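Before any comments, here is the structure.
Values quoted throughout were computed directly from the atomic coordinates according to the rules given, and no laboratory measurement underlies them. All values derive from a computational prediction rather than experimental measurement. Cβ placement follows ideal geometry from the backbone for every residue including glycine, while neighbour counts extend to all protein chains displayed.
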Amino acid sequence: MRSLQLIVLVLLCCPGVLPAQELPRSSPESLGVSSEAILDFVTAADARIDTMHSFMLLRHGQVLTEGWWAPEAHDVPHVLWSLSKSFTSTAVGLVISEGKLQLDDSILQFFPEEAPENPSDYLKAMRVRDLLTMSTGHATEPKRTDEEPWVRTFLHHPVKYPPGTHFLYNTSATYLLSAIVQKVTGQTVLEYLRPKLFTPLGIANPQWASSPQGISIGGYGLSLCTEDIARFGQMLLQQGRWNGQQLVPQDWITLATTREVSNAHPPDPKSDWKQGYGFQFWRCRHNAYRGDGRDGQFCIVLPDQDAVVVMTARNRNMAAQLNLVWEKLLPGFHSAPLPENPAAAAALKSKLQSLQARPAPAESK
């Protein structure tokens, strides 16, 4: 017990001395972020968002603030819902970099045994690129059931529009990407990413649910701890580099996080869901981009601020949750270090230590 107390004391007094698997920690002011702004954000999120589970802020590769709404905790994995899609996209990029797949490959070439006997011209024209951009040409999303293989369901669903011309958020399209990765590598997306992404990032125990056919669901089903999500976001911010190693090709990161298709006609400058869509990443206001998932799972990358914001939640209003980042947190960023603010730092620490999750809402959307 005394040894544990000594370790804790060293960590508190010497923030540069950290376990190997942790990201470095620094005070907000030392990296140009106001503790008062962070406190305003946490206070507002605690009061308005029903209900927050965790929050972590990184700048210049270092954790400035972290908090969990009890009983959530730093070592408890959290379901990511559709934030999983951004990890599937990364797997696709890695497979492409290995020459096993191309963006303009026809999806039918991978599953001839599941294809309709007389596929439509639009289905024949559908490419891997169209799956990534949610532009498959479907008017409705294929409904996945236990009665039929999910790949077959997708390929037999009517394609109303020319692929590449009509945005429809489509989790089944991400599942097909996962199935393609498994087809060309012989591994599930989870198995494939473990040595190439998860292990190098220090993500020790990722869990990913599978379809009845044994394929990682792709579009949801991944569970990670908050700091695991932060590592992924920081890798994206660093254009695929981690500890001096290029884990993911820089060109892929650029492609995946750039506006590839419009997802609104006309675009709405006030909505973070109408700024365009990349390869399983959403564009945001303020030149940011994100992976996100149902109920308020966010990995937001802010290149202009060299920052990453991670949030997990059980929240019915994701837009309100994201708006708090822009309204409360973003104004606290400065281009140079700030004078330390012991009073604000103490108030922030006290607030973070007192966080308690409210009962989950009756219905979540």
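Here are the numbers for this structure:
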| quantity | calculated |
| --- | --- |
| Given (1) over 20 Å from residue 326 (Cα atoms); (2) out of contact with any Phe, Trp or Tyr (no Cβ under 7 Å at 6 or more places or on another chain), number of the condition residue 60 does not satisfy | (1) |
| Of all residues making up region 315-337, the number that are of a type in the set (S, T, N, Q), in a loop (DSSP other than H, G, I, E, B) and surrounded by fewer than 19 Cβ atoms within 10 Å (Cβ to Cβ) | 2 |
| Test set (1) part of a loop (DSSP other than H, G, I, E, B); (2) among the β-branched types (Val, Ile, Thr); (3) buried (at least 16 other Cβ atoms within 10 Å of the Cβ); (4) within 25 Å of the chain's Cα centre (by Cα) - residue 159 fails condition number | (4) |
| Filtered residues of region 262-297 (kept if more than 13 Å from residue 319 (Cα to Cα) and of a type in the set (Ser, Thr, Tyr)) | 262, 277, 289 |
| Count of region 166-204 residues which are more than 17 Å from residue 83 (Cα to Cα), assigned to a loop (DSSP other than H, G, I, E, B) and among the polar types (S, T, N, Q) | 2 |
| Selection status of residue 183, of a type in the set (Lys, Arg) and over 22 Å from residue 279 (Cβ atoms) | no |
| Selection count, region 242-260, where residues are farther than 17 Å from residue 91 by Cβ and more than 19 Å from the chain's Cα centre (by Cα) | 3 |
| Elements of type helices (runs of 4 or more DSSP H) contained in region 43-153, each with 3 or more residues being within 22 Å of residue 222 (Cβ to Cβ) | 84-97, 128-132 |
| Single residue of region 279-303 satisfying the filter (in contact with a Lys or Arg (Cβ under 7 Å, 6 or more places away or on another chain) and of a type in the set (D, E, K, R)) that is farthest from residue 321 (Cα to Cα) | 283 |
| Pick from region 273-302, criterion out of contact with any strand residue (DSSP E or B) (no Cβ under 7 Å at 6 or more places or on another chain) and of a type in the set (D, E, K, R), ranking: nearest to residue 167 (Cα to Cα) | 274 |
| Single residue of region 281-330 satisfying the filter (of a type in the set (D, E, K, R) and within 10 Å of the chain's Cα centre (by Cα)) that is farthest from residue 219 (Cα to Cα) | 290 |
